[in-house]
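Report on one structure; see the data block that follows.
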């Protein structure tokens with residue numbers, strides 16, 4: 001879908017008030033850009049684009065990062081050695097996941113990116129932070145929904161909105177998905193209500209969320225995707241309605257709901273992985 005969200009700015013903060021309770025065993029580690037680059041170099045090949053941007057450091061920055069990582073107990077003594085076992089385990093889950101969840105949130109107020117890998121009973125995650133830092137985390141697998149919710153800001157943060165232009169109501173209803181694609185010149189047969197809803201969404205949207213779940217489903221790669229829009233009155237999710245016109249239901253949602261939205265794809269890919277392996 002193409003739409004109105006503009007270029008992302010680097011200043012995005014996350015409001016976590018809607019997230020479900022944190023798993024008791026969650027472990028988090030905040031890394032400056034140079035620390036992330038040094039820690040992942042040679043250990044996480046093929047970084048997603050949002051996480052590879054911090055990978056270029058000067059020799060002086062590298063030396064400072066090595067010293068910092070060693071002093072913080074993230075690398076073993078000597079600096080050039082491997083990460084300590086707890087951190088090495090997090091990187092290994094990211095490197096060899098059962099499935100991954102990629103999250104990209106953009107809007108007027110900034111951008112946030114998440115990379116979550118599901119392993120044997122655990123979820124390893126990496127989330128971009130303001131200023132180019134990265135938060136590395138490890139939590140029990142049951143905490144995936146909470147980790148996703150933490151990475152999603154309230155819609156107002158993305159839209160930088162004041163009073164809702166639609167009188168406070170979140171847009172909702174059913175419409176053909178193609179009506180939201182500004183690259184499609186015309187859609188045949190929309191009703192007046194569908195056209196009005198599409199116009200309202202396009203007018204009131206200033207941010208978006210794309211969440212991609214990827215894993216093995218036998219020989220091919222299986223995938224599922226979730227798409228939300230950030231409006232001036234809150235998030236709305238686009239749920240396929242299963243009709244011949246490729247319609248979607250536009251539903252009010254909160255950051256805490258994201259785990260529920262990705263759950264069917266996660267469950268299907270895990271079931272396929274179990275059957276395969």
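All of the numbers you see were taken from the coordinates with simple rules; none came from a lab. Everything quoted here is computed from the prediction, not taken from an experiment. When we count neighbours, we look across all protein chains shown, and the Cβ atoms used for this are built from the backbone with ideal geometry, even at glycine.
Listed values, structure above:
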quantity: Those residues of segment 29-43 whose amide nitrogen sits under 17 Å from the label point placed on residue 58, 7 Å along Cα→Cβ; calculated: 33-35, 37-38
quantity: Kirkwood hydrodynamic radius of segment 29-180, Cα pairs, Å; calculated: 17.3
quantity: Simple spin-label estimate for residue 203 and residue 26 in nanometres, 7 Å along Cα-Cβ; calculated: 3.8
quantity: Cα extents of segment 94-149 along the three principal axes, largest first (Å); calculated: 37, 18, 15
quantity: Simple label model, 7 Å out from Cα along Cβ direction - residue 77 to residue 263, nm; calculated: 4.9
quantity: Sorted by Cβ density within 10 Å, fewest first, the residues 199, 274; calculated: 274, 199
quantity: Linear extension gain, residue 67 paired with residue 223, 0.36 nm per residue minus alpha-carbon span; calculated: 52.1 nm
quantity: Principal axes of segment 96-276: Cα extent on each, largest first, Å; calculated: 50, 40, 25
